[in-house]
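A short worksheet on the structure shown next.
The values are calculated or read from the model by the stated rules, or taken from the named source; none is laboratory data. The shown structure was predicted, so the numbers you read here are calculated from the model rather than taken from an experiment. Positions of Cβ are backbone-derived with ideal geometry, glycine not excepted, and every protein chain shown enters the neighbour counts. Note: accessible area is taken over every heavy atom of the protein model, side chains too, but ligands, DNA and RNA are not part of it. Shrake-Rupley method; radii C 1.70, N 1.55, O 1.52, S 1.80 Å.
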Amino acid sequence: MLYLPPSAEFLLSPSPFLSLSSGRPPAFHKNGVNCTYKDENDCIMYFQYYEDSSSRSILSIIKEPECPKGPDVLVVLSSVTGAILLLGLGALFLWKLLVTIHDRREFTKFEEERARAKWDTVSPFVSNALPKE
């Protein structure tokens, strides 16, 4: 299969000076110039250019164009999902750590206040309301 990018369509016009062949040439011409061409889709095409004994230019396509593949959708999707989950779990862990530290401080303050408190058995309000004996 002969593939030429749209920008190289001028090569397909009939010309007595140019011959096209595709696939691996029967014998590589030792004086041929090996070339590569990168088209607008970033496909790389390899070809060989040389002149034969009758001064005809021979252009041989060596192999099919190599086009880059797009990103794998499953890998991208799973990477993004995994990153979001890790960030969420990290945020939850940090929040739990901060809440635990805050609660321990509050509990320590509460214990200190409870230890300092002097509890009367009867409240002054209640003692005033009780009948005197």
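Brief remarks on what is shown
- Long-range neighbours under 6 Å by Cβ, at least six apart or interchain, first residue farther than 18 Å from D42 by Cβ within segment 57-69, second assigned to a loop (DSSP other than H, G, I, E, B) and open to solvent by less than 20 Å² (accessible area, probe 1.4 Å): S60/P25
- Of the numbered criteria (1) part of a helix (DSSP H, G or I); (2) more than 19 Å from the chain's Cα centre (by Cα), the one S53 fails is (1).
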